[in-house]
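Read the figures in this text as sums done on the coordinates, not as results from a lab. What you see is a predicted model; the values in this text were computed from it and never measured. Using ideal geometry, Cβ is built from the backbone for each residue, glycine included, and neighbour counts are taken over all protein chains shown.
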Amino acid sequence: MKWKSAVASMALLSVFATEAFAAEKFACAEYFQATPAGQKKVEAGVKGTLIFDPSSKKVGFLNPKGSAAFSINYDAIRSMQYERTGQPRYLAAVVISPAFLLTRIKKHYLTIEYNEQSGEAHSVIVRLNKRNARKAVATATAETSKSVQQIEQK
């Protein structure tokens, strides 16, 4: 009987060990390419999944087709910012009820500034889902060992 419990505990331990090193994925995200300085128009975002992979020590973004939009080494990251913005619900106020002017649409953004191997500075902006935004920020801090500056606008 002892060997059965030992086998069961070893199996359970192996499941937890592989899950500890599994990549952390955040679905329903949207990636925006940073615009050059002076450009005001923002191109449409790419929907997909933000991934923090501890085994390869990279943060990446996969579009729905499964191809990588970007992949950044943790060592190349200079800084990160989390921003929560709010805007009045104008369309709902016009179409449904003026009471919607009292509520706000909240959007969550994670900006990652990094250096390429050539030393050139770049940044990416990822809009996060409201359900997993706080967990994504906590994962970014834990995985990269860099603090995330938090900016909240009302």
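Listed values, structure above:
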| item | result |
| --- | --- |
| Residues being surrounded by 15 or more Cβ atoms within 10 Å (Cβ to Cβ) and either of a type in the set (A, V, I, L, M, F, W, C) or in a strand (DSSP E or B) (or both) - total across the stretch 132-154 | 5 |
| Residues within the stretch 118-131 that are outside any strand (DSSP E or B), in contact (Cβ under 8 Å) with a residue 40 or more places away in the chain and over 18 Å from N63 (Cβ atoms), tallied | 1 |
